[in-house]
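Notes follow the structure.
The values are calculated or read from the model by the stated rules, or taken from the named source; none is laboratory data. Given the structure is predicted, the values throughout are model-derived calculations rather than measurements. Cβ: placed from backbone, ideal geometry, glycine included. Neighbour counts: every protein chain shown. What goes into the accessible areas is simple: the full protein's heavy atoms, side chains included, and nothing from ligands, DNA or RNA. Shrake-Rupley method; radii C 1.70, N 1.55, O 1.52, S 1.80 Å.
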Amino acid sequence: MKERVAKVISIVTLVPIMAALAVTWILLKDRAHFDNSMLWYFLVLIFLTVLPISAYPIARAIPKIRARGRDGERNLAFIMAVIGYVAGAIISIVFHAPKGVMYIMLSYLASGLALFFVNKVVKVKASGHACGVSGPITLLLYMVGHYAWIAVVLLPLVFWGRLALKRHTYSELIVGTIVGIAATGFVV
């Protein structure tokens, strides 16, 4: 039972799902962040949610990636996220996105780059789950206000779930949380 609950928490708090939830909350709180345009909202969802999540069905369809199992899926998900974050940031800049959209897109790009730097260059393992929850919470606190403090309850759940599944250590979760907060804070 414990493992099943931990898996559900891990799925619900996947970075693309957290992005969709955070962006939708921002839209519901104040459409002005999207220049009152649903087009910008849908573009953000495509770049931050649809592209990264598309890695999972794609991984199952490509035998070489499928043969690598969870590692193949995770690597492709990271690649698809980077493509989405970079493309979204470029589109936002080129087409002069509203300020709120710029904050969102650049926050995800900064978090992704910072996570890559910490994991691959510094060689300190940081939790993408923790980063993918703490970054959006930071963004929500900035864009939605004090109502977003309720979202902080997700962090202990993520910590518990990732520890229960033995996917991360406590220090990896702390580093991921710091990366998400710092990168998003830098942007906003």
Among residues of the range 46-76, those that are of a type in the set (Asp, Glu) and out of contact with any helix residue (DSSP H, G or I) (no Cβ under 7 Å at 6 or more places or on another chain), counted: 1
Odd one out for Ala126 among (1) surrounded by fewer than 21 Cβ atoms within 10 Å (Cβ to Cβ); (2) not in a helix (DSSP H, G or I): (1)
Top-ranked residue in the range 26-41 [being free of Cβ contacts under 8 Å to residues at least 40 places away in the same chain and open to solvent by 60 Å² or more (accessible area, probe 1.4 Å); ranked as farthest from Ala89 (Cα to Cα)]: Leu28
Single unsatisfied condition, Cys131 versus (1) within 23 Å of His168 (Cα to Cα); (2) open to solvent by less than 40 Å² (accessible area, probe 1.4 Å); (3) outside any helix (DSSP H, G or I): (3)
Output for the range 146-162, where each listed residue is touching a residue at least 12 places away in the same chain (Cβ under 8 Å) and surrounded by fewer than 16 Cβ atoms within 10 Å (Cβ to Cβ): Tyr147, Val152, Trp160
In the range 172-188, the residues that are crowded, with 22+ Cβ neighbours inside 10 Å and of a type in the set (Gly, Ala, Ser): Gly176, Gly180, Ala183
